[in-house]
1. Per-residue ellipticity at 222 nm for the chain, helices alone: DSSP H runs ≥ 4 residues times -39500 (n - 2.57), over residue total, nearest 500 deg cm²/dmol?
2. For the range 1-84, how big is the tail of P(r) above 14 Å, as a whole percent of Cα pairs?
3. Straight-line reach from residue 233: which lysines have a Cα under 21 Å away, not including same-chain ones fewer than 8 places off?
4. Quick one: Debye curve from the C-alpha atoms of the range 4-186, no solvent, what's log10 I(q)/I(0) at q = 0.10, 0.13, 0.17 Å⁻¹?
5. Which Rg and Dmax, in Å, describe the Cα atoms of the range 208-330?
6. Mind giving me the FRET efficiency for residue 186 and residue 113? R0 is 22 Å, r the Cβ-Cβ distance, nearest 0.05 is fine.
7. Considering only 59, 177, 33, whose Cα is most displaced toward the positive end of the charge dipole of the range 4-186, charges sitting on Cβ of Lys, Arg (+1) and Asp, Glu (-1)?
8. Run the dipole for the chain about the Cα centre, Lys and Arg Cβ at +1, Asp and Glu Cβ at -1, nothing else charged, and hand back the magnitude in debye, nearest 20.
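Derivation of every value follows stated rules applied to the coordinates shown; laboratory data play no part. Not measured: the values here are computed from a predicted model. Reconstructed Cβ throughout: ideal geometry from the backbone, glycine too, with neighbour counts over all protein chains shown.
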Amino acid sequence: MIFGREKELRQQIADTGRKLSNLHLVVAAAGNLSARIDAENILITATATSLGSLKDEEIIKVNLAHPENKRLSTEFPLHKLIYQSFPAKTVIHCHPPLTNGYFAVYPALKNFTFEGKLYLGEVPVVAQETPAITKPELVIEALKTNNLAVIKNHGVVAMTDDFGKGLGLIETLEEAVKIAAVARLFDKAALDELDQALKTDLERKPEIYPMFSKGHIQAIVDLVNKDEFIAKKGQELDLTLQYAIQLDGSDAAYKFIFEKGRIVRLEFDANAPFVASAPAAVWETVFLGKLDPFVAVTQGKMKLQGNLGQLAKWYVPFSRLFELFRQVKIK
């Protein structure tokens with residue numbers, strides 16, 4: 001008999017497989033699911049099983065250090081590396097048809113809705129040359145910037161704290177792709193120019209700053225205060241607040257004091273109504289423009305002290321602020 005947490009996780013895997021099948025996100029024996037039992041063991045669906053009608057014996061217990069089971073999926077190395085690289089508790093790998101079709105012809109997601117931008121952000125796409133994932137390390141790099149990654153011509157991988165969140169990300173992506181397709185029916189030019197990072201018109205070689213140094217943050221402040229778009233939206237939306245950023249594990253903290261879109265003062269503490277904090281690795285992806293801070297918060301990579309809903313009314317100028325982050329080069 002199987003009791004406790006393992007029994008509960010087995011039920012969650014079966015339920016998730018059935019939901020994926022009902023949503024037409026998997027067919028036949030495609031895809032696989034796994035869940036962390038403890039630091040050493042996981043549950044994973046066996047090879048050649050239908051996720052929509054899983055039997056208990058088709059969910060196998062595996063020791064990550066000694067994976068000895070002939071029924072292991074060819075994707076087990078990916079699941080193993082995810083659990084060894086991240087604190088994720090569940091992994092979903094499936095083959096959503098609209099998502100696969102979209103990324104077969106387009107290199108990046110064109111997000112038409114605020115919900116898609118907030119919860120998905122910039123979805124990384126990993127090149128794939130084989131039917132199975134033979135280079136899981138590339139997927140790991142992609143998952144450092146987002147809890148969801150697309151494997152081109154293959155499918156998607158989502159890692160989260162629970163299956164509900166992972167399924168939500170995959171559903172949101174499939175819906176975003178569907179919206180993009182419908183938009184193109186209305187306007188054939190809708191996808192001609194996919195979202196890209198804003199280009200700078202600086203001809204001189206940019207200065208490179210140590211991340212989270214005073215020079216780095218001051219350079220961001222200078223860009224913000226020169227930006228006409230933020231100035232305009234700051235006036236329209238009364239962007240007046242105190243917003244701080246903090247580097248986990250250090251004393252480094254900076255407080256931006258905004259008045260109608262202009263940063264009138266920069267202080268060196270985190271005593272503010274809104275404080276975003278994260279480890280160095282996460283901040284690096286944010287400053288490089290690979291991870292939107294709103295998405296980092298919704299996906300649990302960054303902590304926010306304060307109400308995200310209150311910040312949402314300034315979503316437009318803050319999105320521009322985060323775009324400016326990448327213009328200041330870091331080392």
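1. Per the formula, -11500 deg cm²/dmol.
2. Here the long-distance tail beyond 14 Å is 59 percent of all Cα pairs in the range 1-84.
3. Partners found: 117, 199, 255, 260, 313.
4. Result of the Debye calculation: -0.36, -0.61, -1.05.
5. For the range 208-330, the Cα radius of gyration and maximum Cα-Cα distance read 13.1, 37 Å.
6. 0.90
7. Among 59, 177, 33, the one farthest towards the positive end of the dipole of the range 4-186 is 177.
8. So the dipole magnitude of the chain works out to roughly 120 debye.
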